[in-house]
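Please read the structure below before turning to the comments.
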Amino acid sequence: MSDGIFLTVIDREGVRHRLEALEGWRAMEVIRDHGLPIKAECGGACACATCHVYVDPDWLGRLHPPTDEEIDMLDQAFEVEENSRLSCQILMAPELDGLTLTLAPGSEPG
């Protein structure tokens with residue numbers, strides 16, 4: 001068994017993907033680099049809302065709170081919920097091993 005950091009991502013079809021992540025990488029980068037469909041138009045600059053995800057409720061309290069800038073960007077996203085975050089603002093760390101995110105509507109390319 002690996003001692004790496006893993007991120008679980010549920011795609012728009014409901015399929016679960018277990019992705020290996022590197023410490024310090026943005027969740028958006030992990031999702032994109034594993035080939036899952038995520039727009040991430042601004043590349044992680046918190047200048048769009050195309051990496052919108054839903055955080056599993058069990059993990060919400062473990063993430064740092066969203067910045068005002070992230071909250072402003074989420075106002076432009078589709079179907080924002082209480083557990084909405086921008087995946088570019090979630091930095092992977094050992095304490096986030098097992099974090100579960102669901103790709104939100106509007107995050108898919110095309």
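The values are calculated or read from the model by the stated rules, or taken from the named source; none is laboratory data. Keep in mind that this is a model prediction, so the values were computed, not measured. Glycine gets a Cβ as well: all are built from the backbone with ideal geometry, and neighbour counts include every protein chain shown.
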Open item on the list: Consider region 34-92. How many of its residues are under 17 Å from Gly110 (Cα atoms) and among the small types (Gly, Ala, Ser)?
Closed with: 5
Task: Tabulated pairs, region 4-27, first under 19 Å from Leu63 (Cβ atoms), second among the acidic types (Asp, Glu) and in a strand (DSSP E or B), C-beta under 9 angstrom, 6+ apart or interchain - done: Ile5/Glu20; Phe6/Glu20; Leu7/Glu20
TODO: Six or more apart or on different chains, Cβ under 9 Å: which pairs go from a residue in region 69-96 that's closer than 26 Å to Glu23 by Cα and free of Cβ contacts under 8 Å to residues at least 12 places away in the same chain to one that's surrounded by fewer than 21 Cβ atoms within 10 Å (Cβ to Cβ) and among the aromatic types (Phe, Trp, Tyr)? Could you list them?
DONE: none
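How about the chain: which strands (runs of 3 or more DSSP E) wholly inside it have at least 1 residues that are of a type in the set (Phe, Trp, Tyr), modelled with pLDDT of 95 or more and surrounded by 13 or more Cβ atoms within 10 Å (Cβ to Cβ)?
Numbers: elements: 5-10, 16-21, 52-55, 84-86, 100-103.
Ranges flagged: 5-10, 52-55.
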